[in-house]
Amino acid sequence: MGKESNLSEYRPIRVALLGAGSVGSEVARLLLEQKSELAARVGAELELIGVAVRDLKTKRNGFPKELLTTDAESLILGADIVIEVMGGLQPAKDYILLALNSGSDVITANKALLATHGSELFNAAEQVGAQLYFEASVAAAIPIIRPLRESLAGDRVKRIMGIVNGSTNYILDRMDKSGITLEAAMKEATELGYLEADPSLDVDGYDAAQKAAILASLAFHTEVPLEKVYREGITGVTAQQIAAAKRDGFVVKLLAICEFIEADDSGSEGVSVRVYPALVPRSHPLGSVDGAYNAVFVEAEAAGRLMFYGSGAGGTQTASAILGDVVSAAKRHVAGGPGLADSIHANFEVLDMSRVKTRYVIQLEVKDQPGVLAKIASLFAEHGVSIETVEQGVLGLSLQTASLEIGTHVASDAALAGVVQALKSNDAVQAVSSFIRVEGL
Ligand code: NDP
Ligand code: HSE
């Protein structure tokens, strides 16, 4: 390309790839196919020096066999830039530390590792002046790490609400559009290869919680330990809840929420990081995110409301984010410069779920008798929770019961949880069929 005369000034930048699975195979393909374009952008050639895998005998169509090795450590020691797309905590963590300590910049898509050992890895990078890039770790192809780390670095982020797990979004969307059960929608998602090998990572919200921890630490300059992320998955979501949501103009979404909470009577300021299925108005920008798509909705003090939307998974899509990081790392290699330091200077307290203020919609079966509604209303009042709407079904589960759907005003999660507990042990209540939080109003 046009800049080739300049390229000779730099020796090729040696790139090592750890992993040749769904993501790694696409990263290798793009590095090889777009070699001259990437060289022009970087100002030096990128030379893929090897690809570490577990098993050399695995058939890999179109993959240059001579690049494959099982000796990851030697590969790392000969590289300038190391891309980790193996997944898992170990040996990925040791390999990244080895790469950083030998002066290489590292690019990873490993959200599980970053959410679990992120601070150790960032400290190691800082000590040796190396960089750790991780754009692909949250919402794959969607640029969200760089906007939070750089573009919004001068602003104050107030709140992030994200649909950051594509497979659960697919499942909830299928339940919404076709009225099918959770089990049937999960079967479809499995057949399409959307769910992780361990589906619990998706449906129990672990994957979204890892991503929420990463986003919150960037947005609030605070270390967010994974165990402080409140987590509920989608396994309790019923077809009945989805139908009621649809009727009322809402849609159920698994949300990852990172929020700054001001000091109030119940405690000091801090951040809340949480994952749960919630009712979102269909008119909200997140309400129309369908299929396996991801979206991250950011509210910042000066910037206002921003929405990032796109593919949150897939080999090629994830490779796009990784290649962006490769170009950044390689440019730094050519031009020098300190790069970005991890920014956790604010170190806000990560608050308990009880501090969150939200609304609930509660569905329950009650005895169809005089005075029952008044009894139920007094339970809400005792817990300081104000009722906004009450709807009574035409028929309950039997002739002796009535079904009620109660929507609340905003209250603390502690108070709302107290109401649900009290309803469950009240003899006028046959069953609390479901309760779900409401977000995005
Ligand atoms: P795969 O399971 O498809 O691929 C993993 C690759 O790593 C395989 O090539 C495997 O080798 C290799 N590997 C595993 N363990 C070792 C080891 N101990 N030594 C050497 N090589 C090893 O994973 P994905 O490509 O799907 O995911 C990679 C990473 O990207 C994960 O961290 C994941 O969370 C993240 N990610 C993935 C997305 C996706 O859509 N797939 C989206 C966003 C992030 P072998 O082939 O020999 O088994
Ligand atoms: N299991 C994840 C999802 C893959 O469904 O979004 C991408 O991180």
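Among all residues of the stretch 301-320, there is at least one that is surrounded by fewer than 16 Cβ atoms within 10 Å (Cβ to Cβ), out of contact with any helix residue (DSSP H, G or I) (no Cβ under 6 Å at 6 or more places or on another chain), without any contact (Cβ under 8 Å) to a residue 24 or more places away in the chain and assigned by TED's automatic domain parsing to the domain that holds D207. When L201, L215, L192, L182 are screened for being open to solvent by 10 Å² or more (accessible area, probe 1.4 Å), under 23 Å from H117 (Cα atoms) and of a type in the set (A, V, I, L, M, F, W, C), only L201 passes. Among the candidates A185, A189, the residue that is closer than 23 Å to T238 by Cβ, within 16 Å of ligand 1 (Cβ to nearest atom) and under 21 Å from the mean Cα position of the chain (by Cα) is uniquely A189. Being out of contact with any Pro (no Cβ under 9 Å at 6 or more places or on another chain) and either open to solvent by 30 Å² or more (accessible area, probe 1.4 Å) or among the hydrophobic types (A, V, I, L, M, F, W, C) (or both) holds for only one residue in V252, V271, and it is V271. Right, S386: modelled with pLDDT under 95, hydroxyl-bearing (S, T, Y) and surrounded by fewer than 19 Cβ atoms within 10 Å (Cβ to Cβ) or not? No: the conditions fail for S386. State yes or no: is A52 touching a Lys or Arg at 6+ places or on another chain (Cβ under 7 Å), within 16 Å of ligand 1 (Cβ to nearest atom) and within 29 Å of Y194 (Cα to Cα)? Here the answer is no, as A52 does not meet what is asked.
The set of residues in the stretch 278-299 being within 16 Å of ligand 2 (Cβ to nearest atom) and surrounded by fewer than 22 Cβ atoms within 10 Å (Cβ to Cβ) consists of D290, G291, A292, Y293.
Of everything in the stretch 160-182 that is more than 16 Å from the chain's Cα centre (by Cα), more than 14 Å from ligand 2 (Cβ to nearest atom) and in contact (Cβ under 8 Å) with a residue 24 or more places away in the chain, the residue that is nearest to K246 (Cα to Cα) is D176. When the stretch 162-181 is limited to residues that are within 16 Å of R282 (Cβ to Cβ) and of a type in the set (A, V, I, L, M), the one that is farthest from ligand 1 (Cβ to nearest atom) turns out to be M175.
Residue by residue, here is whether (1) touching a helix residue (DSSP H, G or I) at 6+ places or on another chain (Cβ under 6 Å); (2) open to solvent by less than 20 Å² (accessible area, probe 1.4 Å); (3) of a type in the set (V, I, T); (4) at pLDDT 95 or above holds:
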| site | (1), (2), (3), (4) |
| --- | --- |
| E73 | no, no, no, yes |
| A79 | no, yes, no, yes |
| L89 | yes, no, no, yes |
| T108 | no, yes, yes, yes |
| A140 | yes, yes, no, yes |
| I145 | yes, yes, yes, yes |
| L148 | yes, yes, no, yes |
| K158 | no, no, no, yes |
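To keep it simple, each residue is scored yes or no on (1) within 10 Å of ligand 1 (Cβ to nearest atom); (2) over 25 Å from A278 (Cβ atoms).
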residue: S74; (1), (2): no, yes
residue: L77; (1), (2): no, yes
residue: V82; (1), (2): no, yes
residue: F122; (1), (2): no, yes
residue: E126; (1), (2): no, yes
residue: L132; (1), (2): no, yes
residue: V138; (1), (2): yes, no
residue: A141; (1), (2): yes, no
residue: L148; (1), (2): no, no
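Checked against the criterion of being of a type in the set (K, R), in a helix (DSSP H, G or I) and away from ligand 2 (no atom under 16 Å from the Cβ), the stretch 103-112 has no qualifying residue.
The values are calculated or read from the model by the stated rules, or taken from the named source; none is laboratory data. Everything quoted here is computed from the prediction, not taken from an experiment. Reconstructed Cβ throughout: ideal geometry from the backbone, glycine too, with neighbour counts over all protein chains shown. All accessible areas refer to the heavy atoms of the entire protein, side chains included, with ligands and DNA or RNA removed. Shrake-Rupley method; radii C 1.70, N 1.55, O 1.52, S 1.80 Å.
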